[in-house]
1. So which of B:G198, B:G220 is within 14 Å of another protein chain (Cβ to nearest Cβ), under 24 Å from B:A70 (Cα atoms) and not polar (S, T, N, Q)?
2. Got a sec? Which of B:I238, B:I231 is crowded, with 23+ Cβ neighbours inside 10 Å, aliphatic (A, V, I, L, M) and within 28 Å of B:G48 (Cβ to Cβ)?
3. Condition first: at the interface with chain A (Cβ under 7 Å from one of its Cβ atoms), without any contact (Cβ under 8 Å) to a residue 12 or more places away in the chain and not β-branched (V, I, T). Now tell me which residues in the range B:107-120 satisfy that.
4. Based on this model, can you work out whether B:L276 counts as within 13 Å of chain A (Cβ to nearest Cβ), of a type outside the set (G, A, S), over 14 Å from the mean Cα position of the chain (by Cα) and surrounded by 20 or more Cβ atoms within 10 Å (Cβ to Cβ)?
5. Can you tell me how many residues in the range B:180-216 are in contact (Cβ under 8 Å) with a residue 12 or more places away in the chain and within 30 Å of B:A118 (Cα to Cα)?
6. Being surrounded by fewer than 22 Cβ atoms within 10 Å (Cβ to Cβ) and either away from chain B (no Cβ under 14 Å) or modelled with pLDDT of 85 or more (or both) is the requirement here; does A:L120 meet it?
7. Restricting attention to the range A:239-265, which residues are buried (at least 19 other Cβ atoms within 10 Å of the Cβ) and more than 24 Å from B:F98 (Cα to Cα)?
8. Tell me whether the range B:35-51 contains one or more residues that are part of a helix (DSSP H, G or I), among the hydrophobic types (A, V, I, L, M, F, W, C), in contact with a strand residue (DSSP E or B) (Cβ under 6 Å, 6 or more places away or on another chain) and buried (at least 24 other Cβ atoms within 10 Å of the Cβ).
Amino acid sequence: MRIGTAKQSYAADQALFDSATQRTWVLVLVLALIAFPFVADPYWLYLACLVAINIASATGLNILTGYTGLVSLGQAAFMGIGAYTVAVLEQRLGTPAILNLLIGGTVAMLGGVLVGIPSLRVKGLYLAIATIAASFIVHFLFANLGVTGGTAGLSVPPAKIFGVALDTSFRIYWLVVPVTALMLLGAANLFRTRIGRAFIAIRDRDISAEVLGIPLLRYKLLSFALSSFYAGVAGGLWAYFFRVVTPESFPLQMSIFFLAAIIVGGMGTILGAILGATFMTMVPEFLKLVVGWTSLGADSLQYVAPIRIIVFGVLIVGFLVFEPHGLAEMWRRVRRFFHLWPFKH
Amino acid sequence: MDIWFLIEITLAGLAGGGLYALAALAFVIVYKATRVVNLAIGEMLMIGAYTFFGLSTGLSWPVWLAIPGAVVASALIGGLIERIAIRPMLGEPPISVFMVTVGLSSILVGVVELAWGADTHRLIEFMPRDPIVLGEAFIAPKVFYGFLTALALTLAVLLLFRFWRGGVALRATASDQGAAYAMGIAVPRVFSLSWVAGAAIAAVAGIVVGSIGGLSPTMGIFGLSVLVVVIVGGLDSIAGALVGGLLIGVVESLAGGYLGGEYKLLTTFVVLVVVLMVRPYGLFGTRDIERL
């Protein structure tokens with residue numbers, strides 16, 4: 001049983017990582033993330049980067065949907081805006097990568113605010129469908145604006161940090177993972193401020209929130225802005241990682257994927273977005289492995305895609321029906337067990 | 001501008017809109033009774049069409065047997081979905097139920113791909129093939145007969161709602177679940193009934209849509225336009241589904257004819273955004289959104 005966690009000051013009570021055990025584990029995690037690229041092979045590095053990008057975007061969606069209660073099916077479109085902005089900047093101007101990511105995030109943020117304006121008038125499902133509309137309109141713009149290179153898309157030169165081109169999984173890892181970690185830290189801290197708490201109040205009961213003096217429109221728009229900023233930066237990372245951006249890169253299915261990730265992980269928790277995005281990204285890889293083990297041979301490959309879609313759906317439905325609080329809740333239960341061990345309660 | 005071209009396009013749009021209206025009807029029945037926004041509507045259409053394909057081509061049943069067979073099978077699937085995935089979600093926030101249907105749509109697409117592969121298929125021809133000509137305007141026969149089917153089925157549903165006991169129970173549940181329960185209506189059974197009916201109607205729409213445009217696992221994209229139709233018409237209004245269906249059908253057809261095919265979905269969604277900004281509850285919807 002974990003003991004010795006009595007808090008002696010308000011500062012200690014409000015700390016982000018509030019116990020020595022937790023700080024130790026965070027340190028272990030950071031060291032593991034630093035050591036990882038030196039021991040892993042390129043395939044695992046590729047997966048790690050993909051997972052990190054998805055975590056960044058899922059965290060953004062979680063701010064909007066999990067914490068503020070505004071369902072959005074436009075996350076992929078905002079990622080696309082970020083990705084295209086980064087691609088154009090890198091191709092035409094060659095500005096520094098970090099600056100590009102920030103500008104990409106900002107442009108996506110403006111898009112998010114624009115899409116968020118209807119959230120004054122509609123909410124719930126109507127808003128969800130309005131965001132579907134927005135993502136189709138954005139997709140159309142990608143395919144038809146001159147600067148985006150039409151359906152052929154744009155190819156992105158590798159990001160350069162201090163003159164080093166980040167053109168391998170090993171190198172891009174050092175851009176993707178720290179940026180994602182920073183964004184996660186930002187999100188975790190956001191919900192310790194009045195802005196984050198206002199979001200939660202709006203989610204729990206928007207009318208009460210307004211009565212309490214929270215200007216609804218401003219905070220809803222702020223939530224949209226933050227969420228799409230995250231999406232934009234994640235999209236920028238995506239562009240640097242895959243090095244090519246086309247209108248088909250960010251389909252509606254991708255938005256659904258992120259929504260599924262935060263449902264499976266647990267809505268309204270930072271950990272939920274991390275676990276959910278990791279889990280949902282790894283499931284297809286795991287399936288490929290499993291199908292590889294079975295003795296179906298060459299035939300097996302044609303079954304992978306449909307099975308993946310079915311598993312995806314079953315995960316969404318299963319988690320919603322049986323574990324609405326997601327993986328984060330399961331994780332909490334495991335942790336509680338070890339905290340209290342050897343007692344039951 | 002050629003006036004007959006305009007008329008031809010408008011007629012084709014109206015006929016296509018009839019199918020939207022039919023699919024929207026399937027959506028509205030489920031929404032009215034159970035308050036579930038069924039994002040899987042396009043995939044339910046698809047299941048109906050594929051079942052018909054399986055029965056008619058795979059098992060070579062005659063058409064007159066395969067169509068009812070597919071409708072009944074889809075209705076059973078609808079009931080099964082309600083029982084397994086929707087019933088446990090009673091009382092959960094609408095967003096969760098909505099996401100369950102998103103998951104369902106993904107499962108349905110996967111099942112279809114697993115059973116029939118990802119390639120496109122053609123349904124057997126079962127409609128008359130003589131072209132329909134009005135003045136100088138030409139309408140594809142499949143589209144025309146599809147419209148007639150949609151019209152007949154819609155009328156039948158409206159009559160059932162009006163006079164059949166089950167239809168009355170459905171309307172009662174829609175207007176007040178608690179009161180309906182207290183008056184002795186088995187509300188859970190009405191929930192099942194609405195999903196069964198919705199799936200059956202969707203199956204008919206799917207068979208017609210499939211016979212016009214062919215079958216593929218991406219057929220569910222049709223459902224997106226249907227969603228726009230129901231939002232424009234109002235989620236809980238049958239009249240809205242009909243008017244919205246025809247309206248979106250014509251708008252899409254005009255956009256496709258004068259601007260080009262890639263503008264179809266764009267125009268539809270622009271219409272959606274405009275309607276949402278002006279009348280957030282749809283043209284005929286009940287004004288029950290809390291506004292702030």
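1. Values: B:G198 fails: within 14 Å of another protein chain (Cβ to nearest Cβ).
Checking each option against the conditions leaves just B:G220.
2. Values: B:I238 fails: crowded, with 23+ Cβ neighbours inside 10 Å.
Residue meeting the stated conditions: B:I231.
3. Hits for the range B:107-120 are B:G110, B:L114.
4. Values: within 13 Å of chain A (Cβ to nearest Cβ): yes; of a type outside the set (G, A, S): yes; over 14 Å from the mean Cα position of the chain (by Cα): yes; surrounded by 20 or more Cβ atoms within 10 Å (Cβ to Cβ): yes.
In short, yes.
5. Total satisfying the criteria: 21.
6. Details: surrounded by fewer than 22 Cβ atoms within 10 Å (Cβ to Cβ): yes; either away from chain B (no Cβ under 14 Å) or modelled with pLDDT of 85 or more (or both): no.
For A:L120, the condition - surrounded by fewer than 22 Cβ atoms within 10 Å (Cβ to Cβ) and either away from chain B (no Cβ under 14 Å) or modelled with pLDDT of 85 or more (or both) - is not met.
7. Selection gives A:A239, A:Y240, A:F241, A:V245, A:T246, A:P247, A:S249.
8. Taking the range B:35-51 and keeping what is part of a helix (DSSP H, G or I), we get B:41-51.
From what's left, among the hydrophobic types (A, V, I, L, M, F, W, C): B:41, B:44-47, B:49.
Filter once more, so that each one left must be in contact with a strand residue (DSSP E or B) (Cβ under 6 Å, 6 or more places away or on another chain): B:49.
Restricting the remaining residues to those that are buried (at least 24 other Cβ atoms within 10 Å of the Cβ) gives B:49.
Yes: one or more hits.
The values are calculated or read from the model by the stated rules, or taken from the named source; none is laboratory data. Treat the numbers as computed from the prediction; the structure is a model and nothing was measured. Positions of Cβ are backbone-derived with ideal geometry, glycine not excepted, and every protein chain shown enters the neighbour counts.
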